[in-house]
Amino acid sequence: ESEVKKTEVAAGPLLKSSSFLVRGNVQRLSGMVQDVIGKGTSKDKLFKQACGDDAESVASATFQSFVTWMTESHGDSEGFLEQEVEAMFKHLDKDEKGLLTENDFQGIFSDQFACVQPVSMTENFSISDGKSVIKLDLGVAVEALGMPQYDEQQKLTRLRCRLLEDLTKEGWVTMKGNQGKVFLDRLSPHSANQKSFDRMISASSKVVNKAASFLTARRKELTDCSSGPLLEARVKMDEFKVKVSSLQRTLEEIKRKVADAAKDYEKCEAEQRKARVDAREQRMLDAVSKEIQAKLVTLKEEEERISQVVAPLTNGADLEVLDAPMSILKDGKEMAETLKEQLATARKSITSHELPKGVTAGAASSMRQVISKAVQQVDGATKTVNGLIKAVSASALKVAEAVLRKTQLALRQEVLKRESSLEALFSEVAQGADSVSRKELARWLGSLEDLKLSSEQVALMLDRLAGSAEEGMVSRWTFLRKFQQFYECQKNIALTNDLVITNSKPIRMLQAEEVIEVLQGPESEKKSGIERIRGRAIRDNSVGWVSLSGNQGSVFLKERPKPFVSCLMDLPLEKNFQTTGEAPTRSLKTDEVLEILEGPRQDVRDAVSRARVKTLKDSLTGWVTLSSGGQVQAQAGQQRFWECMTGVAITDGPNIKVCKVLRKLEVGEVVRLLEGPEIDKDTGVTRLKALCIQDNLEGWVTTLGNAGTVYAEEKTDIYSVVCEALPLQKAFIDLSTGTLRMLQKDEAFEVLEGPKEFQPEPAERMKGRAVADGQVGWVTVTNKRVKRWYPSYICKQSCVMQDTLNTVSAGPSNTVRRVEEGELLEVLDGPQEDKAASLLRIKAKARKDQAVGWITLKGNQGTVFLTQWSRKDEEQLKQKQRSLQEGLGKDA
């Protein structure tokens, strides 16, 4: 009964799993504290730290802080739950006063160990003078009564402890020998008590079973006794056996309860561990979220700051009154670019955020969701910033347009005052040169009385004209293209001689699609309120007033860019409206651009006489016009020619006896008469002075010998050019293309076919100025010869942008950057010819980054680098972008 009672007592704690969970946590804390003490910190110092603020005991709140500090400094990833710390505090607070005294604090160091090697427990710390208390067998559990101590003399680690099986047995036990042998190994409180219980129930079972065996044996001996004292003894034994059986069942019940409690403990321990893991992962998730949100808050604040800076440009206010648009634009863009870099860095940091090791799948998924949401926020912010940059740029463009309108009006007023022209004004400011510096142009614009602009407004406008470089130049072409204003007729409308419609007399009707240059206005007609302009009709230079729109809302004129055309083939730039056969001013190259000055208008040409001929100079065959509209351009008999009938010498003098032979004329060679013919009195031969058609050699030739031999005969069917120049062309019909070469005045040819009469179709003629060199002349225009030109190109093949027109002398230092396929470019100047390389190049500003430089249109081997980009192309691109964004929005 005594053994069973001891077993019941030993089983008691094991049936209360919650207490062991608390004691297990205290043991974990004890291990941390002992590690800190092992690094040189005393128990007293730790107790003072736990008390905090010079207190003499540890309160619950300060104990919480102490445990948190201990887990963090120890690097324990699990830590303790708040309720676990409260339970530990209550466990250590023996008197339940809500404060831990120093003795209570020592309870942290209560620890349990199992004997892993048989060892003696002695009375004293030192083995040499200590008496043995008990021999600890393998598996015996002990409870520490203090911190392990090191015996310097014996080089041993000793521990004061007591037996869990018998709390009266206490003393000193060697934990680790001087040879490194380990005698005691740390146990969890539950394991220590379980081991003690297992030993005790085993011993108790042996005692009870031994008693049962004894009673069974003796009862068997007394089986045959039927009376007397032995019968009484047998009856008594039966009573004892019933008690022993009951004790056996009690032990089995205790064993079963302890086993069930052990399962409950394992379950509770697992749940507690899971709760700690969940709490740790939640702390990690909160830390990740906090770190990311801190970055996002900072970025959001910067985004709002940028919005405030650029608000004057983006809030829809009157942009024309902004005095410092450049500063706002510059600050806004710089801040936006910095923010974009920060957003890119933040995105990289967030996406590369590594998940902590050992986290559960659920926690990992939650962290990924936090990261994914943060990335979406960063991407959204990046999109907002990009949109803000676009909005700022668009608003700055509106400011520049408003400033440009003011400048156009002021310049027109200046032209009216001076009774001059825009070209004359440019020549004045450029001092006769073809370009003027930005600085000088800005100074001159600032001097105009009718133009009140800030320096930043002027600078913003000039950025559009010549790029952002301060040293940039504005060409005559750019100046006129930007400051001249043009409209295109949308329907037929009268051009009149007066602003006031009722007083006006019509000059002529403007036809749909006609272009008119604004010379004055727009001005409002007082009576009707209709906006009218005074302008010059490009077609025929008619000047008068015309309405922009009617009082019923009908639109008559729509603004358009300055008109230009580009050449689709090489074309002659001719001096006069009518083709006269004169030599052209020069030949325009394919892709060259002409500024339209007048026309196109119809040239009704007279009938012409054409002939197929062969030139005497180089035997080239083609068609020429002999006469046109009564004007003779080539005729026969104008000069006299001789044809060699046999080989004959050409000499340097008329006297055949003393002259020197220059060369021999071949049969069929033609010469042109200069002097003669004359008969030499001494020799009787006929001689003449002539010019060799083939090589322009002058000399004397014998035409008739004294014996009657004919060396050369006069040829009467040779024509010679009587105009300044005459085109030799491939085809009979085409009078303005397919020119083989120009025949010069007095050049001779013979007719192979014709002459034939021919009535040319009326031709559309246009007066233009070559952008490349400013040469002015007339060209015949058809859809195959010219096309409308826009000052924008798209890159078809990657090429180099350079800061100089001359490619031959350009080196790596002249490279601005590489222009990639698909980039859009706005023309600032050109196309101009790089004469050294025979290339047409434009000065352009890249839409992507505003980079400015010279780019080649087409290489010498025919490689096309840039092609025209029209307004229609721009609208199609915008439509594609809108469709793509709508599609992405639906997907999202």
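Values in this text are rule-based calculations from the coordinates and carry no lab data. Quick caveat, the model's predicted, so the values are computed rather than measured. Cβ: placed from backbone, ideal geometry, glycine included. Neighbour counts: every protein chain shown.
Given 0.36 nm per residue, what is the gain on full extension from LYS439 to SER454 after removing their alpha carbon distance, in nm?
Length difference between fully extended and current span is 4.0 nm.
At 7 Å along Cα-to-Cβ for each site, give me the label-to-label distance between THR585 and ASP35 in nm.
Taking the two extended label points, one gets 9.3 nm.
Sum up the charges of everything whose Cβ sits under 9 Å from the Cβ of VAL771, counting Lys and Arg as +1 and Asp and Glu as -1, but leave VAL771 out.
-3
Once R0 is set to 41 Å, what does the formula 1/(1 + (r/R0)^6) return for the Cβ-Cβ distance between GLN282 and ALA344, expressed as a FRET efficiency to the nearest 0.05?
0.85
Beyond 28 Å between alpha-carbons counts as too far, so tell me which of LYS39/LYS97; LYS131/LYS257; LYS575/LYS784; LYS43/LYS195 fall in that bin.
Violating the 28 Å Cα-Cα cut-off are LYS39/LYS97; LYS131/LYS257; LYS43/LYS195.
Is it possible to state the helix-based mean residue ellipticity at 222 nm for the chain, with each DSSP H run of 4+ residues giving -39500 (n - 2.57), the sum divided by total residues, to the nearest 500 deg cm²/dmol? What is it?
Counting only the DSSP helices, I get -13000 deg cm²/dmol.
Calculate, axis by axis, the spread of Cα positions in the range 730-889 along the three principal axes, and write the results as whole Å, longest axis first.
On the principal axes, the range 730-889 reaches 72, 44, 27 Å in Cα extent.
Between LYS730 and THR815, what FRET efficiency follows from the Cβ-Cβ distance if R0 is 41 Å, with the result rounded to 0.05?
It comes out at approximately 0.45.
Write out the trypsin sites (Lys or Arg not before Pro) in the range 504-535 meeting two conditions: DSSP loop, and at most 16 other Cβ atoms within 10 Å of their Cβ.
Hits after loop and neighbour filter: LYS526, LYS527.
Just to be sure I understand: if I project the alpha-carbon convex hull of the range 201-274 onto a plane and average over all orientations, what area do I get in nm²?
Averaging across all directions leaves 5.4 nm² for the Cα convex hull.
Please tell me the relative contact order of the chain in percent, rounded to the nearest whole number, where contacts are Cα pairs under 8 Å and at least six residues apart.
7
Only sites in a loop by DSSP and with at most 10 other Cβ atoms within 10 Å count here; which GluC sites (Glu not before Pro) in the range 714-779 make the cut?
Here no GluC sites (Glu not before Pro) fit, given the DSSP loop and packing criteria.
Towards the positive end of the charge dipole of the chain, with charges on Cβ (+1 Lys, Arg; -1 Asp, Glu), say which of LEU425, VAL632, LEU409 has the farthest Cα.
LEU409
Å³ per residue of the Cα convex hull, for the chain?
422
Straight-line reach from LYS482: which aspartates and glutamates have Cα under 14 Å away, leaving out those fewer than 8 places along the same chain?
GLU401, GLU423, ASP463, GLU517, GLU559, GLU595, GLU826, ASP829
For labels at MET147 and SER227 in the simple 7 Å Cα→Cβ model, what's the distance in nm?
8.0
Run the numbers for GLN413 and LYS614: contour at 0.36 nm per residue of separation, minus the present Cα-Cα distance, in nm.
Gain on stretching GLN413 to LYS614: 66.5 nm.
Using just the C-alpha positions of the range 333-441 as equal point scatterers, what log10 of I(q)/I(0) does the Debye formula give at each q in 0.12, 0.13 1/Å?
Cα-only, vacuum Debye calculation for the range 333-441: -0.67, -0.72.
Please compute the length gained on full extension between ASP331 and ASP379, using 0.36 nm multiplied by the number of residues separating them and subtracting their Cα-Cα distance.
Gain on stretching ASP331 to ASP379: 15.0 nm.
Return, ordered by residue number, the residues of the range 764-799 whose backbone nitrogen is under 20 Å from a label point located 7 Å along Cα→Cβ of ASP540.
Label zone hits: 764-768, 778-781.
Can you grab the distance from the C-alpha centre of the range 716-777 to the C-alpha centre of the range 336-393, Å, no decimals?
71
Counting only residues 5 or more places away or on other chains, whose amide H sits under 5 Å from the amide H of ASP570 once H atoms are built in the peptide plane?
Close amide H contacts, sequence-distant or interchain: THR590.
Given R₀ = 45 Å, FRET efficiency for THR782-GLU531 by Cβ-Cβ distance, to 0.05?
Efficiency computed from Cβ-Cβ geometry: 0.80.
Do any GluC sites (Glu not before Pro) in the range 444-519 lie in a DSSP loop with no more than 16 other beta carbon atoms within 10 Å, and if so, which?
Within the range 444-519, the qualifying GluC sites (Glu not before Pro) (loop, at most 16 other Cβ atoms within 10 Å) are GLU449, GLU470, GLU471, GLU513.
For the pair ASN103 and GLN179, how long in nm is the line joining their label points, each one 7 Å along Cα→Cβ?
4.3
Could you list log10 I(q)/I(0) for the range 462-594 at q = 0.10, 0.17 Å⁻¹, which the Debye formula gives when each Cα is one point scatterer?
-0.47, -0.97
Please compute the contact order of the range 639-727 in relative form: average sequence separation of alpha-carbon pairs under 8 Å and at least six residues apart, divided by the residue count, as a percent.
That works out to 31 percent.
Exceeding 21 Å between C-alpha atoms, which entries from my cross-link table qualify? They are LYS787/LYS845; LYS16/LYS169; LYS398/LYS848.
The answer is LYS787/LYS845; LYS16/LYS169.
What are the ³J(HN,Hα) values, in whole Hz, obtained from phi via the Karplus relation 6.51 cos²θ - 1.76 cosθ + 1.60 with θ = phi - 60°, for each residue of the range 27-37 in sequence order, with x given for Gly and Pro?
Values per residue, Gly and Pro as x: 5, 4, 5, 4, x, 5, 4, 5, 5, 5, 5 Hz.
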